[in-house]
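First comes the structure, then the notes that go with it.
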Amino acid sequence: MPSDNNETLAIENTINPHLWVIKYADYLYNYAITRVNDEEQARDLIQDTFLAALNSMNKFEGKCSERTWLTSILKNKVIDVYRKNSVAFIKNKVIDQEEEEHDYFNHEYGNWNIEYRPKEFGIEQSDALENKEFQHILKLCMKKLPSLWLAVFTMKHMDDETTEKICKELKVSSSNFWVVIHRAKVNLRACLQKNWIQT
């Protein structure tokens, strides 16, 4: 009986590149577009993923499904994009946290300035994140984030990566990570409050 299970697993976990586009292109595109927010770049990443998979087919051991294997290749391609963008961002932008936060916070009293004080999003019901309109607005807000902020936010809150891994992959210090993740959240909140909350 165990040998039958192993044979079934082996059959399920074989690779067939002729079916990749039909079976996985949409899934991989959705994965990529939510992480890079650029349609052309997402399509390029899918092509790069398929090409890399073709070149490394001999390394596929069948321990996971074909889709999982392709997704892990794509994930590495996305991290490469993040890394490239973060290096460019760090070189071209000087982070001045105090100046930016001055708009949001009253440092004398240690709280939010009235116009930036967080409001309820009105998405507290259990199926709120299923709401297509909210998802659309969230994507638009994420698209406005600088590339490094988007990379850090996505890796932390969509891919559940550890802080240590994010810092290592994107070559940012721990202190820069916390500044970036804070700013990304503040900016997303401001964008969502402006575009989602009904007044």
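Taken together, the values in this text are just the output of simple stated rules run on the coordinates, not laboratory data. Because the structure is predicted, anything quoted here is derived from the model rather than measured. When we count neighbours, we look across all protein chains shown, and the Cβ atoms used for this are built from the backbone with ideal geometry, even at glycine.
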Could you name the lysines whose alpha carbon sits less than 21 Å from that of Lys23, not counting residues in the same chain fewer than 8 places away? Lys59, Lys63, Lys75, Lys77
Write out the trypsin sites (Lys or Arg not before Pro) in region 149-199 meeting two conditions: DSSP loop, and at most 15 other Cβ atoms within 10 Å of their Cβ. Lys171
Fewest-first ranking of Leu170, Leu192, using other Cβ atoms within 10 Å as the exposure measure: Leu192, Leu170
How far is it, in nm, from the label point at Lys144 to the one at Asn16 when both lie 7 Å from their Cα along the line to the Cβ? 4.6 nm
